[in-house]
Amino acid sequence: NFAVAPSGGLYAYDFSTGANQAYGGANGHNEIAPGVWGLISGDGDRDGSIGAGDKAADWDNEAGKSGYLTSDYNLDSQSNNIDKDDFWVPNMGKSSQVPD
């Protein structure tokens, strides 16, 4: 680990270049395309873990609605099967790697 130094008063760090760029490695983010890493989606109830509660409490109640909803896991302003099947399902069982 190393400290990030500012450049021109701004701090920049590229989390997307590999599994070890984020705390927790591959448990802290997903490879979303070959060589491109991003945050894990699907934690609709914001409890730090992706599980059945995110579907039951959020997606089940918001599916078919528009807007930036807690179950809009891909942030396209629609809560639909894409959010559930492509974002929530693959991340089931994962949890935040941010330390307390």
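At 1.4 Å probe radius, can you tell me the per residue accessible area of the stretch 3-100 in Å²? Spell out each step's value before the answer.
Values: 6110 Å² over 98 residues.
Per residue, the stretch 3-100 has an accessible area of 62 Å².
Would you please give the residues with an amide H less than 5 Å from that of Q78, counting only those at least 5 places away or on a separate chain, with H modeled from the backbone geometry?
Those lying under 5 Å, H to H, from Q78 are G67.
For a quick check, take a GNM of the chain with Cα springs below 10 Å and name the residue from A33, A56, A19 with the largest mean-square fluctuation.
A33
Need one word for the stretch 51-100: rounded, prolate or oblate. Basis is the Cα gyration tensor (sqrt eigenvalues a ≥ b ≥ c); a/c below 1.5 gives rounded, then a/b vs b/c decides.
Numbers: a/c = 1.89, a/b = 1.73, b/c = 1.10.
Cα axes put the stretch 51-100 in the prolate bin.
Gap in Å between the Cα centre of the stretch 51-87 and the Cα centre of the stretch 1-33?
27
Can you send over the carbon and sulfur percentage of the accessible area for the chain, probe radius 1.4 Å, protein chains only? Could you put the intermediate results ahead of the total?
Numbers: 3500 of 6460 Å².
Heavy-atom surface of the chain belonging to carbon and sulfur, 1.4 Å probe: 54 percent.
How big is Rg to Rh over the chain, alpha-carbon atoms, Rh as the Kirkwood inverse-mean-distance radius? Before the final figure, lay out each step's value.
Values: Rg = 15.3 Å, Rh = 14.7 Å.
A ratio of 1.04.
Just to be sure I understand: with springs between alpha-carbon atoms less than 10 Å apart, which residue in D47, D72, D58 has the highest mean-square fluctuation in the Gaussian network model of the chain?
D47
The values are calculated or read from the model by the stated rules, or taken from the named source; none is laboratory data. Computed from a predicted structure; not experimentally measured. These area figures cover heavy atoms from the full protein model, side chains too; ligands, DNA and RNA do not enter into them. Shrake-Rupley method; radii C 1.70, N 1.55, O 1.52, S 1.80 Å.
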